[in-house]
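Each reported figure results from applying straightforward, stated rules to the coordinates on display, with no laboratory input. Since we're looking at a predicted model, the values are computed, not measured. FYI the Cβ positions are ideal-geometry reconstructions off the backbone, even for glycines, and counts take in every protein chain you see.
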């Protein structure tokens with residue numbers, strides 16, 4: 001006795017028709033900002049333009065102006081997107097100094113992770129976008145938890161912000177160079193200082209090696225220690 005042939009599995013509909021083309025993601029502020037940040041990450045701030053962002057998104061530059069009035073506004077939002085990467089924590093009065101230094105290190109590292117975006121941070125100066133304000137709010141909360149009065153905390157946020165962005169900007173200008181190139185540059189500067197007239201520049205010629213020393217985060221951490229220690233001295237002051 002032979003077994004019955006298996007029944008065919010019929011498709012629910014005709015399979016010969018072409019599949020519908022995938023729907024294009026609608027253009028939005030978020031997509032534009034993400035595309036702009038990707039350009040900066042890969043090629044630097046100079047490569048960014050409204051036309052270039054539109055090209056990467058497969059659209060025309062005019063469509064971007066429905067979301068942003070100009071490139072400066074776009075850069076402002078790109079910087080704000082980068083600030084979302086900075087981890088924030090609740091202030092702890094018992095370790096506020098270390099919290100503050102850690103926050104400054106994280107802020108610098110985030111800026112450095114995005115090419116020369118620190119240039120935009122230097123220009124922005126005052127935090128007016130939501131995530132930039134989140135970082136400033138966290139800094140203020142930490143400073144106030146440390147016992148600093150309102151004026152000192154306000155000046156401290158400004159001072160620390162300038163230090164971090166300026167340092168990140170300086171470091172970003174050298175980010176495209178190898179360690180060998182950086183070392184060679186430092187050696188040239190050291191040689192230049194050492195060759196200056198010693199009678200006119202006795203300090204600079206004798207301290208040429210110290211002035212051009214560049215070891216890891218040593219300089220950044222030195223400045224950070226000085227700034228935070230100075231702020232700590234005002235803690236609890238009248």
The chain: C-alpha pair distances exceeding 34 Å, %: 40
Extension reserve of the residue 233-residue 134 stretch, reckoned as 0.36 nm per residue once the Cα distance is removed: 33.1 nm
In nm, spacing of pseudo-spin labels at residue 207 and residue 155 (7 Å Cα→C-beta vector): 2.5
Residue order, fewest to most beta carbons within 10 Å, for 167, 173, 212: 173, 212, 167
Sorted by Cβ neighbour density within 10 Å, fewest at the top, the residues 215, 228: 215, 228
Gyration tensor (alpha-carbon) shape descriptor, segment 73-200, a/c threshold 1.5: prolate
Cα coordinate range in segment 151-238, projected on the principal axes (Å, largest first): 50, 36, 16
Cα point-scatterer Debye curve for segment 29-69, base-10 log of I(q)/I(0) at q = 0.31, 0.32 Å⁻¹: -1.13, -1.18
Extension gain from residue 85 to residue 43, taking 0.36 nm per residue of separation minus the Cα-Cα distance: 13.1 nm
Order of 114, 67 - criterion: other Cβ atoms within 10 Å of each residue's Cβ, fewest first: 67, 114
Within the chain, helix-based [θ] at 222 nm, where runs of 4 or more DSSP H residues each add -39,500 (n - 2.57), nearest 500: -19000 deg cm²/dmol
